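Worksheet: the structure to be examined is printed underneath.
The values are calculated or read from the model by the stated rules, or taken from the named source; none is laboratory data. Note that the coordinates shown come from a computational prediction; the quantities given were computed from them, not determined experimentally. Note that we place each Cβ from the backbone using ideal geometry, even for glycine, and neighbour counts take in every protein chain shown.
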Amino acid sequence: MPEREMTERNEDAEYKACVFDFDGTVIDTMECFAATAAKVMEQSFGLERAEGRRLYLETSGLPFRLQLEEMFPDDLRNDEAAGVFERAKMRDITQARFFPEVKGIIDELRGRGILVAISSNNFAVNVNGLLGEAAIDVDLVLSYHPGFHKGDPHFLRILAHWGLEHSQVLYIGDSIKDALWAREYGVDFVARTGTAAREMFEKAFPEFRVVDDLRDVLSIVFPDSGSSE
C-alpha cells in the first residue's frame, strides 16, 4: 500500500501511531480458527475439542506452530499438525469479514493525522489481500515470516521506520499475548474484549485500558475531542 509522509502531529491526539493486531481485533476470524485448531488437535493429539479450543484461545497471538510448542513441548507431531492447520486456515480466511466499525475507525484516525499500522502473525498474502478486498488503507503492514513476528521485532521496525518514541505508540489487540508483548516492550496498550474476557485483562494488566467496543479507541487517542462523528 502507498505510504504517507510523516504528518504533523494532531495536537488533540495522545499518540502519533496506532498499531492494530489483525485476527480477532479488526477481523472476525478467531472463532473459526479456534474451531479449526481444535479439530486439528483432536486428530493429531487426541485432545477433546472443547479443551483444544480453550488452549488455542489462551495461547493466541503466537504463530500456531509456537502455540503447539507451548501446549505440547518437543512433540514430534507439532510440525505436521501446524502444517494441517495453516492449510485449513487459508481456506477459513476466505470467509472472514472485518468488524463493521473498523474501516471508519481507521479512516478517521488517518484523516486526523494518526499513522496506522497492522501487526499480525498471519501471512502477508492473507493480510494484504483482505485489506485490499475491504478497501481499508493503512500506512504500514507487518506480517509473519520466520524470525519476524509480533512483539519486539514488529515494534522495533515500527519505531525505527517512523522515528517514534515508545510513548508515541498505542497498540490495540485482543489476546493476553498482545498485552504481554506491549508490557515487555514498553508501549501503551488497549485490550479489545472477545478472545479474552475483560476480567482476565484487568487482573493481569491493571495498567492497561480495556474496551468492549473498538470505537472507544477514538476517545482514547483524542481524549479532548472524541470522535469527529
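Determine which member of the set Val217, Val221 is within 16 Å of the chain's Cα centre (by Cα) and at pLDDT 95 or above.
Working: Val221 fails: within 16 Å of the chain's Cα centre (by Cα).
Unique residue meeting the criteria: Val217.
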Can you name the helices (runs of 4 or more DSSP H) wholly within region 127-229 that have at least 2 residues being surrounded by 19 or more Cβ atoms within 10 Å (Cβ to Cβ) and touching a Gly at 6+ places or on another chain (Cβ under 6 Å)?
176-185
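Yes/no matrix, rows are residues, columns are (1) in the same structural domain as Val127 (by TED's automatic domain parsing); (2) crowded, with 16+ Cβ neighbours inside 10 Å; (3) in contact with a helix residue (DSSP H, G or I) (Cβ under 8 Å, 6 or more places away or on another chain); (4) not in a helix (DSSP H, G or I):
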| residue | (1), (2), (3), (4) |
| --- | --- |
| Thr36 | no, yes, yes, no |
| Lys39 | no, yes, yes, no |
| Gln43 | no, no, yes, no |
| Tyr56 | no, yes, yes, no |
| Leu68 | no, yes, yes, no |
| Pro73 | no, no, no, yes |
| Leu76 | no, no, no, yes |
| Asp79 | no, no, yes, no |
| Ala82 | no, yes, yes, no |
Check region 164-171 and report whether any residue there is in contact with a strand residue (DSSP E or B) (Cβ under 6 Å, 6 or more places away or on another chain) and of a type in the set (S, T, N, Q).
no
A careful count of residues in region 122-164 that are touching a Phe, Trp or Tyr at 6+ places or on another chain (Cβ under 9 Å) and either of a type in the set (Asp, Glu) or closer than 16 Å to Lys177 by Cβ (or both) gives 9
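Quick check on region 84-126: of everything there that is in a loop (DSSP other than H, G, I, E, B) and more than 22 Å from Leu170 (Cβ to Cβ), which residue is modelled with the highest pLDDT? Before you say what the answer is, go through the steps one by one.
Of the residues in region 84-126, the ones in a loop (DSSP other than H, G, I, E, B) are 96-97, 99-101, 112-114, 120-123.
Still in the list and also more than 22 Å from Leu170 (Cβ to Cβ): 96-97, 123.
Numbers: Ala96: 88, Arg97: 93, Phe123: 89.
Per the criteria, the residue is Arg97.
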Looking at Glu42 and the list (1) among the charged types (D, E, K, R); (2) modelled with pLDDT of 95 or more; (3) closer than 27 Å to Asp216 by Cα, which single condition is not satisfied?
(3)
Give me a count of the residues in region 81-133 that are over 30 Å from Gly147 (Cβ atoms) and aliphatic (A, V, I, L, M).
1
Does Val141 satisfy being without any contact (Cβ under 8 Å) to a residue 40 or more places away in the chain and within 25 Å of Phe64 (Cα to Cα)?
no
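Starting from residues that are touching a residue at least 40 places away in the same chain (Cβ under 8 Å) and not hydrophobic (A, V, I, L, M, F, W, C), keep the ones in region 121-131 and report whichever is nearest to Ile106 (Cα to Cα). Spell out how you get there, then give the answer.
Within region 121-131, the subset touching a residue at least 40 places away in the same chain (Cβ under 8 Å) is 121-122, 127-128, 130-131.
Going one step further and asking which of them are not hydrophobic (A, V, I, L, M, F, W, C), we end up with 121-122, 128.
Details: Asn121: 20, Asn122: 20, Asn128: 15 Å.
Looking at the filtered set, the residue picked out is Asn128.
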Picked from region 176-198 (must be among the small types (Gly, Ala, Ser) and at pLDDT 95 or above), the residue nearest to Thr59 (Cα to Cα) is Ala179
